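Data block below; observations after.
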Amino acid sequence: MIRTIQYPLEKIEGILFGTFVGDAIGAAFDGWLPDMIPPLDTSYIRSNPPKTYTDDTQMTISVFEEMLENGCINQHSLLQRFMKRFSPWRGYGGGMLEVIEQWKDGRDIENAARSLYGGLGSFGDGAAIRVGPISAFFRLDEISELGEQVRLCSLLTHTHPFGIAGAVLQAFAVLLALNDIPAGEWLPRFFSFPTESVFKIKFETIKKCLERESTPHEAAREIGNGSDALDAIPATLFAVIRHPDSFTDAVLCGVSMGGDADSIGAMAGAIAGARFGINGIPQEWLANLENGAEGKDFISALAKKAAGVKS
């Protein structure tokens, strides 16, 4: 079925630019231990504004463009978009670099992705980071249909059940945000969501951290902050549920957890951006974003095209 955008321009731009700024802020702290990260607030970001996005946003652009132009995920078409945009200097991880080399050698999609990590397939957060825009093409009562498109998107690079499940959970979180579901309802919905049982254990840890009002550093020790989906997606969910009323606080909380900070920041930004829209993102955070061939004007034009608004 050919899908079209289901939400207003403000929310579409919120997802895209939320990903962009969360990614750009987090990139400065990628791989850092939480205790090494300075206190992050609006004053700090004013002095160190987000500018350049990483591979996370670059792949998100391709996914959004794929859904916009084809109305669904066509894996071969999306592969070509990934290859066309591939810019190694944006910080692609080793698994993605290996898959791209196999694509260049003509290996088919399924076997290239399945070959990673000794045949287990990637269980990282890379599939989850890029799927936020897919949610904008589905209503809240179309979760199964959304999940299928997310699965198709994920399988280009992630065949491990954890990697796919993490992507579906991230897309579900964006869908909840798009529909303004109160933060108090999120964890019950996630506990009842059909997913890998190991994620349910993480949801319980999130619940305990929320009850204790844990700081980002404390939560990172309990939940994790690594680049595997089982750490990064729960860390992201903690950040956005912990700060349901502020885009700024949700993103800075996610980044402050350290570890895979750019990815957690990008995913928190996508969810919070879906909730608050572009107007919820501080304008000073948007002002310095890169604006080259596929910078902020390009992304804004894509969003307007999707919403049927003339640039």
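What to note about this one:
- Helices (runs of 4 or more DSSP H) within segment 253-311 that include 3 or more residues at pLDDT 95 or above and surrounded by 24 or more Cβ atoms within 10 Å (Cβ to Cβ): 261-276
- Failed item, numbered, when R107 is tested on (1) part of a helix (DSSP H, G or I); (2) out of contact with any helix residue (DSSP H, G or I) (no Cβ under 8 Å at 6 or more places or on another chain); (3) more than 17 Å from N179 (Cβ to Cβ): (1)
Here is a yes/no grid of residues against (1) touching a residue at least 12 places away in the same chain (Cβ under 8 Å); (2) of a type in the set (A, V, I, L, M, F, W, C); (3) surrounded by fewer than 24 Cβ atoms within 10 Å (Cβ to Cβ); (4) out of contact with any Asp or Glu (no Cβ under 7 Å at 6 or more places or on another chain):
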residue: H158; (1), (2), (3), (4): yes, no, no, yes
residue: D180; (1), (2), (3), (4): yes, no, yes, yes
residue: P188; (1), (2), (3), (4): no, no, yes, yes
residue: P194; (1), (2), (3), (4): no, no, yes, yes
residue: I201; (1), (2), (3), (4): no, yes, yes, yes
residue: A232; (1), (2), (3), (4): yes, yes, no, no
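- Segment 24-38, subset touching a Gly at 6+ places or on another chain (Cβ under 6 Å) and either of a type in the set (D, E, K, R) or crowded, with 23+ Cβ neighbours inside 10 Å (or both), residue farthest from I281 (Cα to Cα): G26
- Just one of the listed residues (I73, I5) is of a type in the set (A, V, I, L, M, F, W, C) and either surrounded by fewer than 22 Cβ atoms within 10 Å (Cβ to Cβ) or closer than 19 Å to S300 by Cβ (or both), and it is I5.
- Selection of helices (runs of 4 or more DSSP H) fully inside segment 114-223 by the criterion of at least 2 residues being in contact with a Leu (Cβ under 9 Å, 6 or more places away or on another chain) and among the charged types (D, E, K, R) returns 197-211.
- Only listed residue being closer than 19 Å to K296 by Cβ, in contact with a helix residue (DSSP H, G or I) (Cβ under 8 Å, 6 or more places away or on another chain) and of a type outside the set (D, E), chosen from F86, F29, F17: F17
- From T52, T60, T19, residue being at pLDDT 95 or above, closer than 25 Å to G95 by Cβ, β-branched (V, I, T) and not in a helix (DSSP H, G or I): T52
- Among the candidates G124, G106, G118, residue that is within 15 Å of the chain's Cα centre (by Cα) and either on the phi < 0 side of the Ramachandran plot or modelled with pLDDT under 95 (or both): G124
- Hits in segment 125-178 (condition: among the acidic types (D, E) and touching a Phe, Trp or Tyr at 6+ places or on another chain (Cβ under 8 Å)): E145
The values are calculated or read from the model by the stated rules, or taken from the named source; none is laboratory data. Fair warning: this is a prediction, and the values are worked out from it, not measured in the lab. No Cβ is skipped: glycine too gets one built from the backbone with ideal geometry, and neighbour counts run over all protein chains shown.
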